């Protein structure tokens with residue numbers, strides 16, 4: 001190891017022709033290290049909750065896509081056992097048909113995610129063809145390690 005005139009450390013070596021080469025090792029300045037640590041912390045603050053809630057979000061998104069494609073049996077199978085115990089496939093199909101934001105959905109935006117006490121809750125907005133939109137809430141529970149929809153609430157038009 002040698003030190004240059006500027007106080008920087010580096011490795012010295014000989015080339016095959018006998019010339020001396022110097023390779024400088026750059027070290028990060030303290031403020032660079034602090035900036036990197038802060039960036040990692042900020043990314044973690046936002047990324048970790050989304051990762052932890054991705055399971056409930058994925059189930060609801062798949063549920064909506066199945067409804068959009070007319071695959072009501074598939075959508076019904078994504079519901080929890082206790083939902084299916086009180087809601088027949090026919091009742092589920094009737095519920096979907098009554099709510100254009102489900103039956104004719106073009107977009108569902110989920111803006112609030114929470115998991116508390118083993119229950120996942122997603123709030124959002126569902127939009128139908130023609131632009132009609134309603135607030136929507138999904139509640140999910142885990143069954144055999146998978147998230148399942150236990151309730152769907154659609155806020156009626158004009159209510160708070």
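Readers should treat all values here as calculations from the given coordinates under stated rules, not as data from a laboratory. Since the structure is predicted, the reported quantities are computational estimates derived from the model, not experimental observations. Ideal geometry is used to build each Cβ from the backbone, glycine not excepted, and the neighbour counts take in all protein chains shown.
Structural remarks
- FRET E, pair residue 116, residue 30, Förster distance 35 Å, beta-carbon r, rounded to 0.05: 0.30
- The value given for the range 67-160 is a Kirkwood hydrodynamic radius of 13.8 Å, derived from the mean inverse Cα-Cα separation.
- Packing here is the average count of other Cβ atoms within 10 Å per residue, and on that basis the peptides 107-115, 60-68, highest first, run 60-68, 107-115.
- Among 123-130, 99-106, the peptide with the highest mean count of other Cβ atoms within 10 Å heads the list, and the full ranking is 99-106, 123-130.
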